[in-house]
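Heads up, the thing below is written out as structure tokens.
The values are calculated or read from the model by the stated rules, or taken from the named source; none is laboratory data. All of these numbers come straight from a predicted model, not from anything done at the bench. Note that we place each Cβ from the backbone using ideal geometry, even for glycine, and neighbour counts take in every protein chain shown.
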Amino acid sequence: MNRLLVFLMLVLLPSAALAADPLQDQPHWSLELKSGKFAPAVERWAEFYEKRTIPEYAGTFAYKLVRQVELGVGVGTMKARGSAFAPLHNATTGSTVLQMYPIQAFMLVRGLVSEDQWIVPYVGGGFTRMYYQERAQDQEKVTGAVNGYHVRGGLQLCLDNLDRGAANNMYLDYGVHHTYFFAEMERTRAVVKSSSTDLGGTAYLFGLLFEY
């Protein structure tokens, strides 16, 4: 009886190990969390606001049509404080606060050849709807939204290869197949027709990608 139990354990344990190995299955979803700097396309931006760039925080969620192609949505937030002139008001003012919230629908293509690939290049793009709100001193608040587009590209570094044990634990505990650190550049164009102001610009972002 004892010999039979030992035999069954020797047969079943390798199968269980393979079932728990994220490389034996493929993810279907991805989640990005990222932040960085956004350089607005507004001319003479640095004269209106405190800095040439402003912080941007964003996240995306996507479904993988195939291993290399995914469709997703994303949302971001940006905030700038300025003085002397409010571009959307087209008027002189004492101080102003501009907030922007881009919402995206996109397709992304990754140059993935193998599951244990160290560096994965990618490109993507799609539709952007930019919501905005500007509060200027002694002026009425301006709010609205404008449609546009964006393109982006970057490189993803697979962190699984740095610690395979930790990667397997992420899979067993949270269902995360792969974790990547990435750096990307994104260009957005979204023009407010009433003032001919382009609320788009160029973003330089860093973050983490989790594949489920």
Exactly one of Gly125, Gly153 is surrounded by fewer than 17 Cβ atoms within 10 Å (Cβ to Cβ), within 18 Å of Thr188 (Cα to Cα) and not charged (D, E, K, R), and that one is Gly153
Residue pairs qualifying under the 7 Å Cβ cut-off, at least six apart or on distinct chains, with the first in region 30-43 being in contact (Cβ under 8 Å) with a residue 40 or more places away in the chain and under 27 Å from Tyr174 (Cα atoms) and the second being part of a strand (DSSP E or B) and among the hydroxyl-bearing types (Ser, Thr, Tyr), are Glu32/Thr60; Ser35/Tyr57; Gly36/Tyr204
Checking Gly72, Gly82 in turn, the sole residue that is crowded, with 16+ Cβ neighbours inside 10 Å and modelled with pLDDT under 95 turns out to be Gly82
Selection from region 39-69 of residues closer than 20 Å to Thr188 by Cα, of a type in the set (D, E, K, R) and surrounded by 14 or more Cβ atoms within 10 Å (Cβ to Cβ) yields Glu56
Being in a strand (DSSP E or B) and touching a His at 6+ places or on another chain (Cβ under 8 Å) narrows Gly148, Gly153, Gly144, Gly126 down to just Gly126
Among residues of region 52-84 being out of contact with any helix residue (DSSP H, G or I) (no Cβ under 6 Å at 6 or more places or on another chain) and among the basic types (Lys, Arg), the residue farthest from Val97 (Cα to Cα) is Arg67
Asn168 vs (1) at pLDDT 95 or above; (2) more than 13 Å from the chain's Cα centre (by Cα): all pass except (1)
Flagged in region 1-59 as polar (S, T, N, Q) and modelled with pLDDT of 50 or more, in numbering order, are Gln24, Gln26, Ser30, Ser35, Thr53
Exercise. Check whether at least one residue in region 186-197 is among the hydrophobic types (A, V, I, L, M, F, W, C), under 21 Å from the mean Cα position of the chain (by Cα) and surrounded by fewer than 20 Cβ atoms within 10 Å (Cβ to Cβ), and report yes or no.
Key: no
Those residues of region 20-72 which are within 19 Å of Ala167 (Cα to Cα), in contact with a Ser or Thr (Cβ under 8 Å, 6 or more places away or on another chain) and among the acidic types (Asp, Glu) amount to Glu32
Considering residues that are assigned to a loop (DSSP other than H, G, I, E, B), surrounded by fewer than 13 Cβ atoms within 10 Å (Cβ to Cβ) and of a type in the set (Gly, Ala, Ser), the number found within region 94-122 is 1
